[in-house]
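The values are calculated or read from the model by the stated rules, or taken from the named source; none is laboratory data. Note that this is a predicted model, so its numbers are computed, not measured. Quick reminder, even Gly has a Cβ in these numbers, built from the backbone with ideal geometry, and neighbours come from all protein chains shown. To get the accessible areas, we keep the full protein, side chains included, count just its heavy atoms, and leave off ligands, DNA and RNA. Shrake-Rupley method; radii C 1.70, N 1.55, O 1.52, S 1.80 Å.
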Amino acid sequence: MTRIVETELEALDGLWESGLGEAYGAYLAGGGRPETALAAALVEVAVRLQGLGGAAASPPDLLRGDLCLARASRLLAQNAGLTQQVAFARTIEDAAAAAAAGRPLPPVRERLLEALAA
Amino acid sequence: MNSGQRLQLTSKRPTEFIDVTPQLREAVAEAGLRTGRIHLQSLHTTLGLAVNENEPLLLADLEAMLKRLVPGDGPFLHDDFTVRTGIREDEPVNGHAHCRTVLLQPALTILVEDGRPVLGRWQSVFAVELDGPRAREVALQLEGDFSSAAPTGIRRLLELELERQLLADPEPVSLPMGRLVAAGGKRVRPLLVLLTAQLGPKSDPLRSATLAAAVELIHTATLVHDDYVDESPRRRGAATVAAEEGPERAIAVGDFYFAKATRLIAELDEPAVTRTIAAALEAICRSQIDDVELRGGYPGDEDSYLRVVRGKTAALMAAACTAGAQLAGAPAEKIERLRRYGELMGVAFQMADDVVDFSESSGKPLGQDVRERVLSLPLIYATEDSASGPEIRRLLAGPLPDEDLKKVVELVAVSGALERVNGEARDLVEAAVRELDGADLDGVRDELVEIAQAVVGRDA
């Protein structure tokens, strides 16, 4: 685990082992820098944690998902350019809109990998 | 005179008491009416007006009384289509509703003092649906002395920008969010953006409006998620998104507008602004987790309370002031003063909000925060009181049925905790206003002071 990951996991205990670590590795391999790869992994985990497109998350999981999204937003604000920030936000907007409409979610990982390459 | 306004209401039941008090407060605040009158007039023959207590069982009593005085099965000549002439094809059978309406009032006048409708502790203003469900309108006129500092122009700009942003969004998310936005809210955070965004050489009303709308969308998105977490049935006088459309939709709506708001801010292409709001968003989410975790040790202590409030409420207030000034290119020293002003006011705002939970006329069920075990400074102080504290702690240790909740609310009131919290909130507002002293605020100082002072002493 890199130093950036260690400092950014505060209040998100257990998420690394339950998918965040795997997602981070995938985004890092997909060309992301540690900060932006972690942001992408946090977004992906948040979507899953909050049950977007499925059954609603429990309140604690919803709040942890919110923290994942907020932390990803802050990491992007500090480390990514405008194009990447917008692409990340659009991915979440599209996933949330699909969930609200009862449609299948767009492929989040694919979209975030595209965003990292933008 | 401020004329031409219409309250748009949608009833959901044949007979329904719709509490319009929050909308009246909002209309008064938006118009900047300080002293005067609100005139309301029903525009329908089966919609009456009334002033009474918003207590569910009493409303059921009133509904039963109307039905007892005017039974629904009549008979009514108005419903005898064999003898009536000139009836429409879709003429409703509603003689009972017309007759019940004359038992109520078609028009009301409510006094306004110190910028607020004058209502007693137990009074709420109702539009009373007697032939629903339907879309309804109530005409509204305001007259009296309007504040010269009321920023009506920028408020209008904000409302237009919010409408514009929602128009572009998919209906499954924009409709629930639109209802919540239209139901009112104090708009304190976006107003702070719009005012502080006038304080630098790069001031631009349209870019400021976008930032202000984005900040309001973030705030509203947090409310949508909070209401699910807290299992709150009502917000701003209407059902919450989670209660109305289910938790899945509520989560999606909140996520959509978190993301959209951060995109709108990023597209302003001012990295400092983006970082300010992103940091505030993280502070809010972090403190929400703390808030829920601390409910295990309810009612908690003052230090925990302040830590949560700085994140939950003050962070976005401070960020709104900071980001507005950053967008305008204000100097660093001025930005820092505004940040401190926003933070102090944010803490005061939450304290005042806690006190409102113990007010009958808030538009929310009395003691809702206590019922949901949300951290509350009056409750913390009341449990420290030697006379009331032990009994409050005993009651809080139980399941808190309605009669116990009522007792807790009464004990908090007699403990002096409400006065103590109000006093501390006023001190914080004074400190916030002192931060503005000495800074060149280009004509918006009065409005910033007015917003800060309105934070305390409110009842909604």
Scan of region A:70-91 for residues that are open to solvent by 20 Å² or more (accessible area, probe 1.4 Å), facing chain B (nearest Cβ under 7 Å) and of a type outside the set (Lys, Arg), ordered by number: A:SER73, A:GLN78, A:LEU82, A:GLN85, A:VAL86
Can you tell me which residues in region B:101-116 are open to solvent by less than 30 Å² (accessible area, probe 1.4 Å) and modelled with pLDDT under 90? B:GLY115
Here are some conditions: (1) within 9 Å of chain B (Cβ to nearest Cβ); (2) surrounded by 24 or more Cβ atoms within 10 Å (Cβ to Cβ); (3) not aromatic (Phe, Trp, Tyr). A:LEU112 meets all but one. Which one does it not meet? (1)
Any residue in region B:291-313 that is facing chain A (nearest Cβ under 10 Å), surrounded by fewer than 24 Cβ atoms within 10 Å (Cβ to Cβ) and without any contact (Cβ under 8 Å) to a residue 60 or more places away in the chain? yes
Among the candidates B:PRO233, B:PRO271, which residue alone is at the interface with another protein chain (Cβ under 8 Å from one of its Cβ atoms) and farther than 22 Å from A:ALA95 by Cβ? B:PRO271
Among the candidates A:LEU20, A:LEU28, A:LEU49, residue that is without any contact (Cβ under 8 Å) to a residue 60 or more places away in the chain, touching a Leu at 6+ places or on another chain (Cβ under 9 Å) and more than 24 Å from B:ILE289 (Cβ to Cβ): A:LEU28
Which of the residues belonging to region A:20-48 are over 18 Å from B:ALA278 (Cβ atoms) and either out of contact with any helix residue (DSSP H, G or I) (no Cβ under 6 Å at 6 or more places or on another chain) or facing chain B (nearest Cβ under 9 Å) (or both)? A:GLY21, A:GLU22, A:GLY25, A:ALA26, A:ALA29, A:VAL47, A:ARG48
Looking at B:LEU33, B:LEU7, can you tell me which residue is among the hydrophobic types (A, V, I, L, M, F, W, C), in contact with a helix residue (DSSP H, G or I) (Cβ under 6 Å, 6 or more places away or on another chain) and farther than 16 Å from B:GLN105 by Cα? B:LEU7
Looking only at region B:337-395, and only at residues there that are basic (Lys, Arg) and at negative phi, the one that is most open to solvent (accessible area, probe 1.4 Å): B:ARG394
In region A:2-37, anything open to solvent by 60 Å² or more (accessible area, probe 1.4 Å), assigned to a loop (DSSP other than H, G, I, E, B) and within 24 Å of A:LEU63 (Cα to Cα) is listed as A:GLU10, A:ASP13
In region A:49-69, which residue that is surrounded by fewer than 21 Cβ atoms within 10 Å (Cβ to Cβ) and in a helix (DSSP H, G or I) is farthest from the other protein chains (Cβ to nearest Cβ)? A:ASP61
Failed item in (1) assigned to a helix (DSSP H, G or I); (2) farther than 25 Å from B:THR109 by Cβ, with B:ASP90 passing the rest: (1)
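Return yes when B:ARG340 is in a helix (DSSP H, G or I), in contact with a Phe, Trp or Tyr (Cβ under 8 Å, 6 or more places away or on another chain) and modelled with pLDDT of 95 or more and no when it is not.
Numbers: in a helix (DSSP H, G or I): yes; in contact with a Phe, Trp or Tyr (Cβ under 8 Å, 6 or more places away or on another chain): no; modelled with pLDDT of 95 or more: yes.
No; evaluated as a whole, the condition is false for this residue.
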Only one of A:ALA101, A:ALA118 is facing chain B (nearest Cβ under 7 Å) and either more than 25 Å from B:PRO170 (Cα to Cα) or surrounded by fewer than 22 Cβ atoms within 10 Å (Cβ to Cβ) (or both), namely A:ALA101
In this structure, is B:GLU424 of a type in the set (Asp, Glu), more than 17 Å from the chain's Cα centre (by Cα), modelled with pLDDT of 95 or more and open to solvent by 10 Å² or more (accessible area, probe 1.4 Å)? yes
